[in-house]
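The structure appears right after this line, and notes come after that.
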Amino acid sequence: MQNIDEAQNMTPNQVKGIITRAGKGTKIVLLGDPNQIDRPFLDERTNGLSYASEYMKGSPLCYQITMSTEECERSELAMDAIRRL
């Protein structure tokens, strides 16, 4: 299994390159938060995580989970900053 963390900071081409090269039996887990993008040329819609989510939607080989802010496992400080910033 491959866990790809911070996938929101990847380009659509980078994510596509990873997924389209998956071998037989490979499982890929893309993790990230489209509200925490650190690259100036990506945004909530144009990042690799959102790209994969949109284009793989409906695939019988793909499962997606979206968590609310309340479900996130972060410190009290991090949660307060998410709400305020």
*Using +1 on the beta carbon of Lys and Arg, -1 on that of Asp and Glu, and nothing else charged, what's the dipole of the chain about the Cα centre, debye to 20?*
540 debye
*For labels at GLN2 and SER59 in the simple 7 Å Cα→Cβ model, what's the distance in nm?*
1.2 nm
_Over the chain: Kirkwood hydrodynamic radius from C-alpha pairwise inverse distances, Å_ = 14.0 Å
*At what distance in nm do the modelled label points of ARG74 and ASP43 sit from each other, each positioned 7 Å from its Cα along Cα→Cβ?*
2.1 nm
*Pick from GLU70, GLU54, GLU44: which residue has the top mean-square fluctuation in a GNM of the chain where Cα pairs under 10 Å get a spring?*
GLU70
*asked:* If each DSSP helix of 4+ residues adds -39,500 (n - 2.57) and the sum is divided by the residues in the chain, what number results at 222 nm, nearest 500 deg cm²/dmol?
replied: -8500 deg cm²/dmol
*Hand me the trypsin sites (Lys or Arg not before Pro) from segment 42-85 located in a DSSP loop with no more than 13 other Cβ atoms within 10 Å, in residue order please.*
ARG45, LYS57, ARG74
*Which residues' amide hydrogens lie under 5 Å from the amide hydrogen of ILE4, considering only partners 5 or more residues apart or on another chain, with H built in the peptide plane?*
VAL29, LEU30, LEU31
*asked:* Relative contact order of segment 1-63, please, whole-number percent, based on alpha carbon pairs below 8 angstrom and at least 6 residues apart.
replied: 43 percent
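All of the numbers you see were taken from the coordinates with simple rules; none came from a lab. For clarity, every value in this text was computed on a predicted model and none was experimentally measured. Please note: Cβ atoms are built from the backbone with ideal geometry, for glycine as well, and neighbour counts cover all protein chains shown.
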